[in-house]
1. In whole Hz, what ³J(HN,Hα) sequence does the range 90-102 give by Karplus (6.51, -1.76, 1.60; θ = phi - 60°), x for Gly and Pro?
2. Leaving out ligands, DNA and RNA, and with a 1.4 Å probe, what % of the accessible surface on the chain is carbon or sulfur?
3. Hand me the tally of lysine pairs in the chain: alpha carbons under 18 angstrom apart, and the pair either on different chains or 8 or more positions apart.
4. Under a 1.4 Å probe, what is the accessible area of the range 89-171 per residue, stated in Å²?
5. In debye, nearest 20: dipole of the range 5-70 around its Cα centre with unit charges on the Cβ of K, R (+) and D, E (-)?
6. Rounded to the nearest 10 degrees, what's the angle between the helix 21-34 long axis and the longest principal axis of the chain, both from Cα atoms, 0 to 90?
7. With N set to the residue count of the range 93-135, report its C-alpha Rg divided by 2.2 N^0.38 Å to two decimal places.
8. Sum up the charges of everything whose Cβ sits under 12 Å from the Cβ of Tyr138, counting Lys and Arg as +1 and Asp and Glu as -1, but leave Tyr138 out.
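The values are calculated or read from the model by the stated rules, or taken from the named source; none is laboratory data. Values in this document were obtained by computation on a predicted structure and should not be read as measured data. Because the Cβ atoms are built from the backbone with ideal geometry, glycine has one as well, and the counts that use them run over all protein chains shown. The protein model used for the area step is the full one, side chains on, heavy atoms only, and it has no ligands, DNA or RNA in it. Shrake-Rupley method; radii C 1.70, N 1.55, O 1.52, S 1.80 Å.
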Amino acid sequence: ADAVTFVSEANTLAKAGFTDIDTAVDTLTTTLNAYGMETDQVSKVSDKLITTQNLGKTTVNELGSSLGKVIPTAAMYNVSLDELSAAYVTTKNGIATAESTTYINSMLNELGKSGSKSADILSEKTGKTFSELMDSGYTLSEVLQILQDEADSSGKSMADMFGSAEAAKAA
């Protein structure tokens, strides 16, 4: 029954996401596996992917070829699928999906990497790591606001809070 439901949901995702069934299945299984979800969550994951597509300027097909590069990073730092999906609003601003993925992955890595500017600021301001903040209920937007507040108070830009241009663009 789970397999039939899964395939049915993947087929619906393929149609609504302008992709083929293979890409839909691969994207769904990658997401479910990385986040440790059961197959009964497939409908929720599919809905999130369609919402990401509809709120950005991307397709599930494009997400399918890119998400696998950032989902492991997001899951490692306790960034929920909702938060990761919301980060793809960058596509709405004209940044291609693959490029957005690179930017988002860079940002998450810098936020989570000990010794990076952004990680040090988060630790100094909150006493927690990025992963701990995400695990305790902070949203990615709230974490980025901590950095923006620090940039504002020190007369710097958000770009100064990151070591790479890619990470800064995502932020």
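1. Ordered by residue, 3J(HN,Hα) equals 4, 5, 5, 8, x, 8, 4, 4, 4, 5, 4, 4, 4 Hz.
2. Numbers: 4150 of 8440 Å².
Ligands and nucleic acids excluded, carbon and sulfur give 49 percent.
3. 20
4. Working: 4130 Å² over 83 residues.
Accessible area per residue: 50 Å².
5. Numbers: 5 positive and 8 negative charges, 53 e Å.
Around 260 debye, computed over the range 5-70.
6. For 21-34 against the chain, the angle is about 50 degrees.
7. On the way: Rg = 12.2 Å, N = 43, 2.2 N^0.38 = 9.2 Å.
So the range 93-135 has a normalised radius of gyration of 1.33.
8. Working: positive: Lys125, Lys128; negative: Glu83, Glu132, Asp135, Glu142.
Here the count lands on -2.
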